[in-house]
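The next block holds one structure in the form of structure tokens; read it before the comments.
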Amino acid sequence: MEDNLISKKDLLELTGISYGQLYRWKRKDLIPEDWFIRKSTFTGQETFFPKDKILDRIDKILNLKDNASLDDLADLFSPNLTEMALYSADLKKRSIVSDVSWQLLTAQFGEAEVLTYERLIALYVLNQMLQTGEMSLDEGRILLQVLNDHYKKFDGKSCDLIFIRKMGVATFLLISGSSEVYLEDHAKLVQRIALSNSIEALKTRLSE
């Protein structure tokens, strides 16, 4: 599977933003470095972007920039939650996740009065994927373990969660956000989630 890409030229024409705006947003960390993908074309080297991600991000920037500073937007879009923690009682009171997701987490890792950022994002992603109806509870337990064991290795950098199923057996992968994934014929890509989008959504919920 290769991400659907859009060229820089087409992106600027489609969104109406300028070259200067695009690279200013890059310098301010509103657009991740790894979304700028250099590829060889018949005219030489050109810059491409993951189409759905960049269009969604630019739409959000344009809608929010009049009411928030670029620094505030950079914090919102950042894949880093290291300074965030939440009392478990507050999380449940605000109905940010379902009881089923909460029970899965506590059954696997035990009760905790305060949830760290790693636990928060794992719980939120688990809840997202269970709500689609495409993931079983047993697969949810595998997902939690994969995030617990490996998410911290990205050290705040953006990454995607890949959910693959082959002959009824689930596999979860964490990969850098711009990586291409190719599957054998009998494997099915069930979901691909950009964790930066999940973190952004979680931060928005927590700020309400």
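The values are calculated or read from the model by the stated rules, or taken from the named source; none is laboratory data. Just so it is clear, the model here is predicted, and its values are computed rather than measured. Methodologically, a virtual Cβ is constructed for each residue, glycine included, from the backbone with ideal geometry; neighbour enumeration extends over all protein chains shown. Surface areas here come from the heavy atoms of the whole protein model, side chains and all, with no ligands, DNA or RNA. Shrake-Rupley method; radii C 1.70, N 1.55, O 1.52, S 1.80 Å.
If you run the Gaussian network model on the chain, springs between alpha carbon atoms under 10 Å, then out of Asp66, Asp99, Asp75 the most flexible one is Asp66. Rounded to the nearest whole Hz, the Karplus-based 3J(HN,Hα) values (6.51 cos²θ - 1.76 cosθ + 1.60, θ = phi - 60°) of the range 122-136 follow the sequence 4, 5, 5, 5, 4, 5, 4, 6, 5, 5, 6, x, 9, 10, 7, with x at glycine and proline. Site pair Arg205 and Ser40 shows an inter-label distance of 4.5 nm when each label is modelled 7 Å from Cα along Cα→Cβ. Compared with the dominant principal axis of the Cα atoms in the chain, helix 137-150 is inclined by about 60°. Here Kirkwood radius over Cα pairs in Å was calculated from the structure, and among (1) 19.2; (2) 16.5; (3) 18.6 it sits at label (3). Entry note: the range 150-208 has Rg to Rh equal to 1.06, where both radii use alpha-carbon atoms and Rh is the Kirkwood radius. Proximity of backbone amide H atoms, modeled 1.01 Å from N, is registered between Leu5 and Lys51 at under 5 Å, excluding neighbours fewer than 5 places apart on the same chain.
With the simple model of a label 7 Å out from the Cα in the direction of the Cβ, Asp138 to Arg165 spans 1.2 nm. I'd like the carbon and sulfur percentage of the solvent accessible area for the range 85-207, probe radius 1.4 Å, heavy atoms only, ligands and nucleic acids excluded. The nonpolar share, carbon plus sulfur, comes to 50 percent. When a 1.4 Å probe is rolled over the protein heavy atoms, the share of accessible surface on the range 2-77 that falls to carbon and sulfur comes to 46 percent.
Rolling a 1.4 Å probe over the heavy atoms of the protein chains gives the chain an accessible area of 55 Å² per residue.
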